[in-house]
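Below is one structure, written out as structure tokens; the observations come after it.
The values are calculated or read from the model by the stated rules, or taken from the named source; none is laboratory data. Everything numeric in this text was worked out from a predicted model, so none of it was measured. So basically every Cβ, Gly included, is an ideal-geometry build from the backbone, and we count neighbours across all protein chains shown.
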Amino acid sequence: MMDENMFGNAMWAGHWLWMLVIAILVVVPVWRICQRAGHPGWLALLMLVPMINLALLYFLAFAEWPATKAGAKIA
């Protein structure tokens with residue numbers, strides 16, 4: 001049987017808290033990048049899916065951005 005103690009439970013709760021913080025730190029900037037590029041912001045949620053996140057980065061790097069076609073300047 002597994003020995004349940006105070007430290008094991010506290011570490012588990014802390015793990016999910018850190019995962020949430022890291023997810024927010026990653027998703028929010030990618031959301032803004034997607035919007036500025038002219039793509040829907042919800043694509044940033046794909047950053048939470050392993051391997052799909054790499055495909056999203058390559059898509060954003062090499063695809064034509066609708067925002068540049070509309071005449072918006074990219075800083």
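List of remarks:
- Pairs are defined by a Cβ separation below 7 Å, a sequence spacing of at least 6 or placement on different chains, a first member in segment 31-51 that is of a type in the set (A, V, I, L, M) and surrounded by 14 or more Cβ atoms within 10 Å (Cβ to Cβ), and a second member that is assigned to a loop (DSSP other than H, G, I, E, B) and modelled with pLDDT under 95; the pairs so defined are Ala37/Trp65.
- For segment 38-55, residues that are over 10 Å from the mean Cα position of the chain (by Cα) and assigned to a helix (DSSP H, G or I) total 4.
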